[in-house]
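Encoded as structure tokens, the structure appears first; notes follow it.
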Amino acid sequence: MSRRPLGARGPAILLLVLAGAWPVEAGEPLTIDPNHAGHVKAGLECLTCHEAIFDVTSLGEPGVFPKESKCLGCHKKEKDAGNCGMCHIRADKPGTYPKRTQYLIMNHAKHLEKDDKCGVCHLTLPARGQMEKPVPPMSTCLGCHNHDDQFKNGQCYGCHLDLTHFPLKPSSFFSHTANFTRFHPNIARSTAAACDTCHQQSFCADCHAARTRPMRVEEIQPDRPDRNFIHWGDFLTRHSIEARGNEAACQKCHQISFCTDCHKKQRLTPDSSNPLNPHPSGWLTTGSPSFHGTAARQDIVSCAACHDQGSASNCVTCHRVGGPGGNPHPQGWTGKHPTSEINRNTMCLSCHP
Amino acid sequence: MNREIVGRIAGVGSRWPALALLSILWAPVAAAQVVDATSTTMLRLKPEWQAGDTRNGVWGTELVGLSVRNIEVAGVDDLNIQLSAWGQLSSLKDSIYTGSTGDIDLLYIQGALFNHHLSLTLGRQLVSGGAARVLQLDGVNGTLMFSRAFGVSAYAGAPTTSRFTYPVGEFAFGGRAFWRPSYGSEVGVSFLEIISGSVLSRQDVGVDGRWAVLPNVSATASGIFSIQEERVADASVTLNWQVLKDLEIFGKGAHTSPDLFLPLTSIFSVFADTNRDSAGGGLFWQITRQAGLYLEYQRLWVDGGNGDEADARTTIKLTRKSTMGLEARFLFVPTNGVTDLRAWVSHSLNEKIRLSADVEGTVLKNPVNATGGSIVGTASATWAIGSGWNAMLSGSLGATPFFQTAATLTARIGYTFSNWQQKGAAK
């Protein structure tokens, strides 16, 4: 391993500035809190207690920490005297080491083959009473390992199995707390590469492959009520109100025919067999509060949800040139759409033959 | 395992071009460093409501996924192949839901060339970012990095033809130029054009950005402009401020023109130019290590009147093994509205078995089918069997304006194979 100058760690330093402190381990509460300083003062080497580390190839592997028999080699008198609190945080209920989830790929055995001095990486020893023990900062890794390319490409998963252990700031910039499901479109629109750090496209496809996958993710994962899925619960009852509140939100994933296909089977579209009439009275009466022209100007997407049959749409019957429906175009239409456009678009020819 | 997955996909239907691509791509798998494969089999009993009649049906679904990474080919870095596909059988004919069919969600090969200066993705993929939003595409997508921070991406292909809806167009192309000065901060300009029947279906330009303005302040903004209609189709800005370590507040505003989300080839694109504006804010407060609170309110301005939308959500970690959540959502738009209340709980019996349940009640401002609301409860049990296997059984019961009473039952069994950690640890 070759040492690299500090200057080669520009990207990491940028991230550290954002991060504030890097990294702090979180997880299960500690149960054993040995006096590292006291052991060092007594002249003990790290490997006196941690000799098993020579064979440890991954974090979280059992046997990393010394067994009780190792401690009792020197401290048997303390145990016999019932002084469990010397090492165990809860003397009344002494427990073993908590099970740690492996969140980082780290092979101690290979590192120790190169250099058996623990202090190269472990710059600070854990102190008693310190609930969040210091682990080597990422800068020590980058001191030997050149990951500039991986860093600039956001390929963190080569080492990091789970980035959620690292409290980056501002939290919302990285973490998925609060209402991330609703916020993530705007975030991903700019920084999809950051999403790629942890998520492959198949993760996105669970929800976003709406064109090829008809099953809602809520149906596939009913056992995850903690996830803030968009269509959770009885969405069918709410869907027309949700659509009115944000028409574009539906259109971002579902084409209009997604609506018309279902509405046709519910006999709500004019081309369905024995169609039902979902419209209020006065729908076709000019001046009525329920007049369809007013409703269409306000919520044209809802009209399209049942009536979008192209040139066969019943709107064309009245709103064609010479028809009784008159000019349906919004103000300023002709300024943007010259008559020369008509012959280029078959949709225009439906009303302008 | 791999052969088993291929066999299942082949049974889906006539996806010969995709299967041919899969066959070509299969050879490197044997030499791959990391292979993840998943199989999920589901059986669902559920009712469907069709024009007043309710009937029950059974759906059997198989979802498969394959991720092959770190394939070693000279001159190509990070070469990987991804596949996501499904097939389904239904006991109902002419179901309102999707019947017996299947499809491929993703099937692409991806790699980086010239020391990561050029990355290419070929096949069925999701193109995300800028004006593309999330575009499912059969085609090619490339990103060229001119420097560490500046790059250009471009894509072209056929928007994935949906088996369930007509396609929005036959050909799409676009691109995005971006500046990425640090991880997570990025600004970009983008372009998207979709052609349907040789007529423009969509032609947009976009700008987007996300920036850590200060170590505790970030801003996200984007805008998409329809060139044909000369109007803003979609614009939004959000400002987040982490006031304290455990308290974050945000403000946001958005404008959309919903009619511009209809294809320009739709007859309805000529009838109206509608607007929706919203502005609001909220907070996220991690009150204690066990309890978090999220609040949000926004005022809506839509054609035809105003509205209000509010969310309140709290998550409480009751014990090391139990978490519960309470949620309330209020949405009121001109002439209608809904109040939605939900409670959920998740409890791990041990390391292998987890129980979860939720109940949701909806109160409608305007009754549907003379019913003023609905209530649905769901209970699930998940079992991590071991050796990559897991199973789940879930049932729900409720009363809704459409079904009157509705009961569903879902059984799921999944298998995950991965040699990732073994390979990673050996690095």
Identify all residues within segment A:90-145 that are of a type in the set (G, A, S), assigned to a loop (DSSP other than H, G, I, E, B) and touching a residue at least 12 places away in the same chain (Cβ under 8 Å); write none if there are none. A:G95, A:A127, A:G129
Condition met for A:N345 (surrounded by 17 or more Cβ atoms within 10 Å (Cβ to Cβ), free of Cβ contacts under 8 Å to residues at least 24 places away in the same chain and at negative phi): yes
Return yes when B:T362 is within 27 Å of the chain's Cα centre (by Cα), assigned to a strand (DSSP E or B) and modelled with pLDDT of 95 or more and no when it is not. yes
Residue under question is B:I375, and the condition is that it be out of contact with any Cys (no Cβ under 6 Å at 6 or more places or on another chain), more than 11 Å from chain A (Cβ to nearest Cβ) and without any contact (Cβ under 8 Å) to a residue 40 or more places away in the chain; does it hold? no
Filter segment B:255-291 for residues that are among the hydroxyl-bearing types (S, T, Y) and in a loop (DSSP other than H, G, I, E, B); the one that is farthest from the other protein chains (Cβ to nearest Cβ) is B:T288
B:L341 fails exactly one of (1) at the interface with another protein chain (Cβ under 7 Å from one of its Cβ atoms); (2) over 30 Å from B:W389 (Cβ atoms); (3) of a type in the set (A, V, I, L, M, F, W, C), namely (1)
Within segment B:217-251, residues being in contact with an Asp or Glu (Cβ under 9 Å, 6 or more places away or on another chain) and either among the acidic types (D, E) or part of a strand (DSSP E or B) (or both) number 15
What number of residues in segment B:225-247 are of a type in the set (K, R) and at pLDDT 90 or above? 1
Listed residues B:S67, B:S119, B:S84; which is assigned to a strand (DSSP E or B), more than 27 Å from A:C259 (Cα to Cα), within 21 Å of the chain's Cα centre (by Cα) and modelled with pLDDT of 60 or more? B:S67
What about B:L89, is it surrounded by fewer than 21 Cβ atoms within 10 Å (Cβ to Cβ), in contact (Cβ under 8 Å) with a residue 12 or more places away in the chain and in a strand (DSSP E or B)? yes
Anything in segment A:106-121 that is out of contact with any Phe, Trp or Tyr (no Cβ under 9 Å at 6 or more places or on another chain) and surrounded by 15 or more Cβ atoms within 10 Å (Cβ to Cβ)? List them, or say none. A:M106, A:N107, A:H111, A:C118, A:V120, A:C121
Could you run through segment A:238-268 and say how many residues are more than 26 Å from the chain's Cα centre (by Cα), of a type in the set (D, E) and buried (at least 19 other Cβ atoms within 10 Å of the Cβ)? 0
Those residues of segment B:308-323 which are facing chain A (nearest Cβ under 8 Å) and either aliphatic (A, V, I, L, M) or closer than 17 Å to A:P225 by Cα (or both) amount to B:D311, B:R313, B:T315, B:T323
In segment A:185-220, how many are out of contact with any His (no Cβ under 7 Å at 6 or more places or on another chain), part of a loop (DSSP other than H, G, I, E, B) and not hydrophobic (A, V, I, L, M, F, W, C)? 7
B:G157 in contact (Cβ under 8 Å) with a residue 40 or more places away in the chain, buried (at least 17 other Cβ atoms within 10 Å of the Cβ), more than 9 Å from chain A (Cβ to nearest Cβ) and within 16 Å of B:I195 (Cβ to Cβ): no
Qualifying residue in segment B:94-109 (condition: over 22 Å from the mean Cα position of the chain (by Cα), over 30 Å from B:N56 (Cα atoms) and of a type in the set (F, W, Y)): no
Determine, yes or no, whether B:A391 is under 30 Å from B:N80 (Cα atoms) and at pLDDT 95 or above. yes
Which one of these is closer than 19 Å to B:R289 by Cα and at pLDDT 95 or above: B:L318, B:L326, B:L341, B:L355? B:L326
Restricting segment B:118-150 to residues that are crowded, with 22+ Cβ neighbours inside 10 Å, of a type outside the set (S, T, Y) and over 22 Å from B:D234 (Cβ atoms), the one nearest to the other protein chains (Cβ to nearest Cβ) turns out to be B:Q125
Consider A:P214 carefully, then state whether it is modelled with pLDDT of 80 or more and surrounded by 19 or more Cβ atoms within 10 Å (Cβ to Cβ). no
Every residue in segment B:178-192 that is touching a helix residue (DSSP H, G or I) at 6+ places or on another chain (Cβ under 9 Å) and part of a strand (DSSP E or B), please. B:F178, B:R180, B:P181, B:S182, B:S185, B:E186, B:V187, B:G188, B:V189, B:S190, B:F191, B:L192
Among the residues of segment B:196-218, are any among the aromatic types (F, W, Y) and more than 11 Å from every other protein chain (Cβ to nearest Cβ)? no
Subset of segment A:318-338 (residues that are within 48 Å of the chain's Cα centre (by Cα) and either more than 24 Å from B:E230 (Cα to Cα) or touching a residue at least 12 places away in the same chain (Cβ under 8 Å) (or both)): A:H319, A:P328, A:P330
Per the filter on segment A:221-237, residues in a helix (DSSP H, G or I), facing chain B (nearest Cβ under 9 Å) and surrounded by fewer than 22 Cβ atoms within 10 Å (Cβ to Cβ) are A:L236
Which of the residues that make up segment B:302-334 are closer than 30 Å to A:D299 by Cα and surrounded by fewer than 14 Cβ atoms within 10 Å (Cβ to Cβ)? B:G305, B:N306
Since A:F203 meets every condition but one in (1) closer than 26 Å to B:A310 by Cβ; (2) modelled with pLDDT of 85 or more; (3) more than 9 Å from chain B (Cβ to nearest Cβ), which condition does it not meet? (1)
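The values are calculated or read from the model by the stated rules, or taken from the named source; none is laboratory data. Computed from a predicted structure; not experimentally measured. All Cβ positions, glycine included, derive from the backbone under ideal geometry; neighbour counts span all protein chains shown.
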